[in-house]
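First comes the structure, then the notes that go with it.
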Amino acid sequence: MYKILIMGPQGSGKGTQAEILAKDLGIPAVSAGSLLREEITKGTELGRQVAADTESGRLVPDQIMIEIIKNRLNQPDAAHGWILDGFPRILSQAELLLQFVQPTHAIVLELSDEQSLERLAGRLQCAGCQKIYHEKKLMGKLLVCEVCGSELFKRSDDQPELICQRLAIYHQETEPVARKFEEMGILRRVDGSGTIEEAAAEVKKIFV
Ligand code: AP5
Ligand code: MG
């Protein structure tokens, strides 16, 4: 049973690759960031607690995160495996995760900070099903989601100064988490700098 963590800097394609791999393997892709944004959009008490951190690129407190993740991974659709994007991002979260589950794979998508900034400047996301797009590929042709017809929006944390702050947190806090999984022997590094298809082919090789 696959229990896969997808890691990597902002814009490296965690969400994009998780979506592709989920279809290939027939298991759900769970995005920590999307779970938070859904709570904010629904206006729940939890959403109110996490809004300021999420929208300004700071990490949400561990105890809140672990509850959200545990709850999601305990849903019936995740009973036969899952892909988790964006959790854990700090060593303390890795410890909490390892107390209730042993991941089978951790994949790091590698990308330079310059490419992160470029990709996120043009990212659009569906407000309904969360599908990820890029302005360059759409060339103004698509104004609503091709899957569910909902509007596309720009994330409030995709502004250059917030992207730089998120990248700094990644280098300082999340890279040590990747090294921990490397020591555990479950880490695979994939070049995330090519096209979406090239990265997907590299990721797929891990599971043949
Ligand atoms: P989250 O939503 O996870 O954001 P992130 O980590 O900053 O990562 P991104 O979603 O920005 O990038 P991605 O790697 O998914 O790239 P994507 O596939 O979209 O988290 C948001 C916030 O929530 C955090 O800042 C924090 O506040 C909070 N949070 C989340 N998890 C937390 C945790 N564990 N603890 C505490 N707080 C937490 O691709 C980006 C763009 O590039 C798209 O436009 C896409 O089309 C394009 N693209 C993708 N791949 C390629 C390619 N190969 N070539 C060209 N373009 C590409
Ligand atoms: Mg994402």
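Every number in this text was worked out from the coordinates using simple rules, so none of it is lab data. Note that the structure is predicted; figures quoted are calculated from it, not measured. No Cβ is skipped: glycine too gets one built from the backbone with ideal geometry, and neighbour counts run over all protein chains shown.
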The equivalent-ellipsoid semi-axes of segment 96-208, taken as the square roots of five times the Cα gyration tensor eigenvalues and listed largest first in whole Å, are 28, 18, 15
Phi-derived 3J(HN,Hα) across segment 126-141 with the Karplus relation (6.51, -1.76, 1.60, θ = phi - 60°), rounded Hz, x for Gly and Pro, is 7, 6, x, 9, 6, 4, 9, 10, 9, 3, 4, 6, 6, 6, x, 7
Residue 115 and residue 159 label points (each 7 Å along its Cα→Cβ direction) are spaced in nm at 2.7 nm
Bridge orientation stat for the chain from DSSP, antiparallel percent rounded to 5, came to 25 percent
Here the relative contact order (percent) of segment 36-121, from C-alpha pairs under 8 Å and at least 6 apart, is 14 percent
For the chain the mean separation of alpha carbon contacts under 8 Å (6+ apart) over residue count, i.e. relative contact order in percent, is 31 percent
So for the chain, using the alpha carbon gyration tensor with a ≥ b ≥ c as root eigenvalues (a/c under 1.5 gives rounded; past that, a/b versus b/c decides prolate or oblate), I'd call it rounded
Once amide hydrogens are built 1.01 Å from N within the peptide plane, the residues lying 5 or more places from residue 134 or on another chain with amide H under 5 Å from its amide H are 124
A student asked for the Cα radius of gyration and Dmax of segment 1-107 in angstrom ought to give 13.3, 36
Length gained if residue 71 through residue 207 is fully extended, taking 0.36 nm per residue and subtracting the Cα-Cα distance, is 46.3 nm
Helix-only [θ] at 222 nm, the chain, -39500 (n - 2.57) per DSSP H run of 4+, per residue, nearest 500, equals -13500 deg cm²/dmol
Cross-link reach from residue 141 to aspartates and glutamates, straight Cα distance under 15 Å and at least 8 residues apart if same chain, gives 151
Most exposed first, judged by fewest Cβ atoms within 10 angstrom, 120, 46 run 46, 120
Measuring from its Cα centre, the chain shows a charge dipole (+1 at each Lys and Arg Cβ, -1 at each Asp and Glu Cβ) which, in debye to the nearest 20, is 380 debye
Too long for a 29 Å Cα-Cα cut-off, among 180/204; 70/136; 14/136, are 70/136
